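The values are calculated or read from the model by the stated rules, or taken from the named source; none is laboratory data. Please read all numbers here as calculations on a predicted model, not as lab measurements. Heads up, the Cβs are rebuilt from the backbone with ideal geometry, glycines too, and the neighbour counts pull from every protein chain shown. Note: accessible area is taken over every heavy atom of the protein model, side chains too, but ligands, DNA and RNA are not part of it. Shrake-Rupley method; radii C 1.70, N 1.55, O 1.52, S 1.80 Å.
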2 protein chains.
Amino acid sequence: MTGRPDTPRSRRERPAKPALTREGIVAAAVAVLRAEGLRKVTMRRLAEELDTGPASLYVYVRNTAELHAAVLDELLGTVGPTPAGGSWRERLERVLTAYTAMLFDHPELARSALTARPSGPHYLNLIENLLALLDEGGVPPAQAAWGVDLLLQHATATAAEHAGDGASKEDWDAVAAALHAASERTHPHIAGLAGPLLSGTPQARLTWGFQALISGIERTAVPE
Amino acid sequence: MTGRPDTPRSRRERPAKPALTREGIVAAAVAVLRAEGLRKVTMRRLAEELDTGPASLYVYVRNTAELHAAVLDELLGTVGPTPAGGSWRERLERVLTAYTAMLFDHPELARSALTARPSGPHYLNLIENLLALLDEGGVPPAQAAWGVDLLLQHATATAAEHAGDGASKEDWDAVAAALHAASERTHPHIAGLAGPLLSGTPQARLTWGFQALISGIERTAVPE
DNA sequence: ACCTGAACACCGTTCAAGT
DNA sequence: ACCTGAACACCGTTCAAGT
């Protein structure tokens, strides 16, 4: 026989049960996210993945929301630096577009980022980059500070909108139908603008949104 | 004895079990929302409230997301018309602020509205109002059409941000700490702007955001 | 301190069966 | 057609107990 002597072994044949750490938990979470989406990134599922019980995770992670925020910061690290070249405005748009593109791949994560603001190192780098570009463009610092929030909110919210709880498509059809069905009598502006209201790819709308935002941030003084 | 004769009656003493209708379900949902928040507006809880089983609700409502959207449209009906007076810009800000104020009372609803766009009658009225005001201000129709989305997104996302999964406060403290701890060396812009980055009441930021948005929408041409 | 089994208190959704 | 009991396949979080 080739088998080792009949000693008892753990139920699951794993190389070695790695010690539980915050990094290990976040890494497992990222893996599950990539493979099956955020809906499966649950305490119970992660515990199973790490060969322990759900209660053990609470030693390292306050709750599910905090876990999701940590996952986002982790993914933010994969976005990478934006290549130089072009005006500050173009580079600003490029940084924001890269960030949004990452979120588009994980819309449920965007959704959760709206509530549980990330505060990890990669997020800080992103903010620093945005502030630097706005500064280069001569945007008054106070406006830049508030503007960064507005820009990131637009990016995050736009990505979050594409988080289908499964519905998204029928949902959009319902909106389109409602707008087209709007009466000329009671809703003249909608009736006249049904086309533009529904036109544009998400990409085109996103870019236009960034441009409008930047333009507004430049010109709008902060109170006091 | 004052009691009626000992005839069998239904377990729960209810006047009459009302027929199940979509309106009845939505009304019950609004009641539960007001009393206990959106987290309790679940199929199972509503079924209990309506003295039936959860499966019965699926005859009238496709899923939980659709139910939440219907609830939002219902609440939108309570916002009421905005009083006249002031410039188109002031009135526009007032309509948006009233909408956001409603959402601030139900941040979890705002969160869900970001994904499951409402398309009910009250939402349509809101869009019509916004388009009318932008038109009055001479904003080119195509820009107004896309701009409405941007304005409502800002309102909704800002309200959603205040949806605490319980965390919100510690969460904000974490962001504040991270920003204050940013090194002068690696994050000079953050270090220099820690004050402005964290300043302003939600109300002040919201209003400034609307102003910046309106300014940008006015000046930014839609592609093609 | 760190870790965990077990429990508490829930979920959404589907389906076969009844009226 | 409308309605439903029961089941399937899960959740987050806490707590008392162990090492």
Going through segment A:201-213 one residue at a time, which ones are open to solvent by less than 50 Å² (accessible area, probe 1.4 Å) and within 7 Å of chain B (Cβ to nearest Cβ)?
-> A:ALA204, A:ARG205, A:TRP208, A:GLY209, A:ALA212, A:LEU213
Index of the failed condition, A:VAL139 passing every other in (1) part of a loop (DSSP other than H, G, I, E, B); (2) free of Cβ contacts under 8 Å to residues at least 12 places away in the same chain = (2)
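Rundown of residues vs (1) under 19 Å from B:PHE210 (Cβ atoms); (2) within 14 Å of another protein chain (Cβ to nearest Cβ); (3) within 16 Å of DNA strand C (Cβ to nearest atom), yes/no style:
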residue	(1), (2), (3)
B:ALA28	no, no, yes
B:ALA35	no, no, yes
B:ARG39	no, yes, yes
B:ARG62	no, yes, yes
B:HIS68	no, yes, yes
B:LEU75	no, no, no
B:GLY85	yes, no, no
If we keep just the residues of segment B:139-162 that are farther than 13 Å from B:THR220 by Cα and not aliphatic (A, V, I, L, M), which is most open to solvent (accessible area, probe 1.4 Å)?
-> B:HIS162
For B:THR2, indicate whether it is modelled with pLDDT of 90 or more, over 24 Å from A:ASP171 (Cα atoms) and more than 25 Å from the chain's Cα centre (by Cα).
-> no
Could you give me the residue pairs with C-beta distances under 8 Å whose first residue belongs to segment A:175-196 and is touching a residue at least 12 places away in the same chain (Cβ under 8 Å), whose second residue is open to solvent by 60 Å² or more (accessible area, probe 1.4 Å) and part of a helix (DSSP H, G or I) wherever it lies, and which are 6+ apart or on separate chains?
-> A:ALA194/A:HIS180
With respect to A:GLU170, determine if the residue is open to solvent by 20 Å² or more (accessible area, probe 1.4 Å), within 7 Å of chain B (Cβ to nearest Cβ) and modelled with pLDDT under 90.
-> no
Unmet requirement for A:LEU96, which otherwise passes all of (1) over 19 Å from A:ALA132 (Cβ atoms); (2) open to solvent by less than 40 Å² (accessible area, probe 1.4 Å); (3) away from DNA strand C (no atom under 13 Å from the Cβ); (4) not charged (D, E, K, R) = (1)
Mind checking which residues of segment B:49-68 are open to solvent by 20 Å² or more (accessible area, probe 1.4 Å) and within 10 Å of DNA strand D (Cβ to nearest atom)?
-> B:LEU50, B:ASP51, B:THR52, B:GLY53, B:PRO54, B:ALA55, B:SER56, B:TYR58, B:VAL59, B:TYR60
Considering every residue within segment A:145-156, establish whether at least one is facing chain B (nearest Cβ under 8 Å) and closer than 14 Å to A:ARG89 by Cα.
-> yes
Among the residues of segment B:175-187, is any at pLDDT 95 or above and open to solvent by less than 60 Å² (accessible area, probe 1.4 Å)?
-> yes
Given the conditions (1) within 16 Å of DNA strand D (Cβ to nearest atom); (2) touching a helix residue (DSSP H, G or I) at 6+ places or on another chain (Cβ under 6 Å); (3) assigned to a loop (DSSP other than H, G, I, E, B), every one holds for B:ARG111 apart from (3)
